[in-house]
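In what follows, a structure is listed as structure tokens, so that the remarks can point back to it.
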Amino acid sequence: MKFLVFFIILIIFSLFIDKFLRKWLGIEKKKISETSGKNIDRWGRGIILFIFLCTLPFAVEDRNVIKWYWICFLIVSMGFQLFMEWKYLKNSKEYVITVITLTYLLLAIGIMFNVDYYF
């Protein structure tokens, strides 16, 4: 029950974090698809997804392994997004939002897997 309540609070908080950060830092939303990195972004995300889908059957065997599998997938995909935003959206500082979101995600994952110890 504690996990479910914490998870709902985490989802509500994460819905507002992006909007709050954009307003607080004064960063307007831009997309990589509007730059010259559109194809590189598509191919990179596709390759990451393909690799993780091909390795999924090996990770399903153990519950602990699947947990770390999804954590690694989120970190790799967010890391790629961070790099692409830094490379192709330098003037917009969009990557600052991604850095803060990635940090929040890592913190939330750590808390979520150890929620029983905190409450």
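The values are calculated or read from the model by the stated rules, or taken from the named source; none is laboratory data. Computed from a predicted structure; not experimentally measured. All Cβ positions, glycine included, derive from the backbone under ideal geometry; neighbour counts span all protein chains shown. Protein only, heavy atoms only, side chains kept; ligands, DNA and RNA dropped before computing areas. Shrake-Rupley method; radii C 1.70, N 1.55, O 1.52, S 1.80 Å.
Stretch Arg45-Trp24 to full length: gain in nm at 0.36 nm per residue minus the Cα-Cα span?
Details: separation 21, 0.36 × 21 = 7.56 nm, distance 2.92 nm.
4.6 nm is the gain from fully extending Arg45 to Trp24.
A simple spin-label model places pseudo-atoms 7 Å from Cα toward Cβ; at Thr35 and Val96 they are separated by 1.5 nm.
Based on C-alpha pairs under 8 angstrom that are at least 6 apart in sequence, the stretch 9-88 has a relative contact order of 35 percent.
Determine, for each peptide in 73-84, 100-111, the mean count of other beta carbons within 10 angstrom over its residues, then list the peptides with the highest first.
Numbers: 73-84: 15.9, 100-111: 14.2.
Listed from highest to lowest mean packing, they are 73-84, 100-111.
Solvent exposure of the stretch 50-119, expressed per residue, is 67 Å² of accessible area, with all protein chains present and a 1.4 angstrom probe.
Taking the accessible area of the stretch 36-117, probe 1.4 Å, and keeping the other protein chains in place, the carbon and sulfur fraction comes to 69%. Whole-percent P(r), the stretch 53-119, all Cα pairs, 10 Å bins from 0: 19, 37, 29, 13, 1.
Under 25 °C and 0.890 mPa s, how fast does the stretch 1-60 diffuse according to Stokes-Einstein, given a Kirkwood radius computed over C-alpha pairs? Answer in µm²/s, whole number. It comes out at roughly 162 µm²/s. Relative to the compact-globule estimate of 2.2 N^0.38 Å, the Cα radius of gyration of the chain comes out at 1.22. Only lysines eight or more places from Lys90 in sequence, or on another chain, were considered; those with a Cα closer than 24 Å are Lys19, Lys23, Lys29, Lys30, Lys31, Lys38. Using the Cβ-Cβ distance between Phe16 and Phe58 with R0 set to 30 Å, the FRET efficiency from 1/(1 + (r/R0)^6) comes to roughly 0.20. For the chain, the dipole from Cβ point charges (+1 on Lys and Arg, -1 on Asp and Glu) about the Cα centre works out to 440 debye, to the nearest 20.
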